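Read through the structure below, which is laid out as structure tokens, and then see the notes.
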Amino acid sequence: MTLVTRTAHPVTVAGGESGGTGSLTALSSRLGERLRRADRAHPWVLNAAVVALVVSVFCVPDLLHGIDDGDEAGRFRLTPARLPVIEILALQAGLVLPLLWRRRRPALAFGVIAAVFFLQWFLGTALRADIALFVALYGVALRARTPQLLWSCGITASALVPAAVRVSGVLSVWVSLFFLLSTATAAVALGLTVRIRRAQLAGLRDRATRLETERDQRSRLAAAAERARVARGMHDVVGHNLAVVVTLADAGLRVNASGQRPGPEVLRSISDAGRQALGELRRVLGVLGEHAQDEGPGLMPQPRLADIGALCEGVRAVGLNVVHRTVGNVDDLDGKVQLTAYRIAQEALINSLKHAGPGARVKLVVVVSGPRLVITVRDGGPADGDSESRGRARQEGYGLAGMREHAARCGGRLHAGPAGRGWAVEAVLQTP
């Protein structure tokens, strides 16, 4: 006879054991979250469900079978026949109904149940509904304060000792006491475990909320900083040319009011300044759109201190009498420092043009002295002599604040204020 041996090849189930375990874990997590949401929305439903469970599992058997437990010698009778049914119902109600407020008043519910527990043992009976004592103890461990939990544990231990003695006809006292105290310990341990877990989850939720709030705050601060950066860029590259346009337009209006026609050079200067402002505006918007987070100076051509001469020529063309002098070697300075110095000088000249007006004398001095770069812009005030009101106007607006921000970014400082009939701006920058 030939025996044919067949080898069964193992079959691999897609997903594997780990996949099944993960699915069960996810399912239980979702189910638990749904139950928690439903419990928070309708807390009385779970309380009623617990009471209904205790009644159906422990109270009904006492009523149906407890009286017919028999009279065999040595057999422990859960419900002696001498107690009327109405008394059994009253004891069951005292043990079970306080579970309805085990959440709002856990210590009170435990106290009532413990009192009924002592009473029914004093009457010489024992009910299956005594399980409510452990349910109430679990509620105390879960929600009550620590002193209340300690008192409840002591009361439970003192209540379980006579119970163990009472059932000594079936089990020894020590075995009975061991099982009863183990059940009470398990109830307390479970309540504390759930309590700690809930506290941890609440802490994680609070932390997540704080992190989300901080993230939103950082986003708002970043957006505000970006808006300020855009405003500085617009003011720096466009404000100068617009000030020139406004000054030339005002000059043309004054000439026209005197009965003469403005010369073509005025209109040509307005056109050139406006075209230059439009070009710089387009460049700034293009840079901000493509590199919104890049502050680097290489994104677009940036002016340097060598360009201050051309800047002075531009304001001279609109009537400002500027004298410019540079002391020291400025070509070797850091590009960021040169750009900052140029912007401060540009803004100071714009202020002199707006507030002192055409015809005012302005002195611009740039001095390199060791680790410091000093920019001084001083004008002699307006030609009409109204220096007080114009001085107050200089202290308002974005100009001075922008210059101070520029100086602070280079670790420097800026002072601006009246100087005789005019105005003086002095910035001291640190050169790396």
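A few points about this structure:
- Count - residues of region 305-345 that are among the β-branched types (Val, Ile, Thr) and assigned to a helix (DSSP H, G or I): 5
- Only one entry in GLY169, GLY203, GLY191 is modelled with pLDDT of 90 or more and exposed (fewer than 14 other Cβ atoms within 10 Å of the Cβ), namely GLY203.
- So ALA107, is it in the same structural domain as ALA159 (by TED's automatic domain parsing), hydrophobic (A, V, I, L, M, F, W, C) and closer than 16 Å to THR185 by Cβ: no
- All positions within region 305-357 that are within 24 Å of GLY370 (Cβ to Cβ), touching a Pro at 6+ places or on another chain (Cβ under 9 Å) and of a type in the set (Gly, Ala, Ser): GLY335
- Residue within region 90-101 that is at pLDDT 50 or above and over 52 Å from the mean Cα position of the chain (by Cα) present: yes
The values are calculated or read from the model by the stated rules, or taken from the named source; none is laboratory data. None of these values were measured; they are calculated from a predicted model. Heads up, the Cβs are rebuilt from the backbone with ideal geometry, glycines too, and the neighbour counts pull from every protein chain shown.
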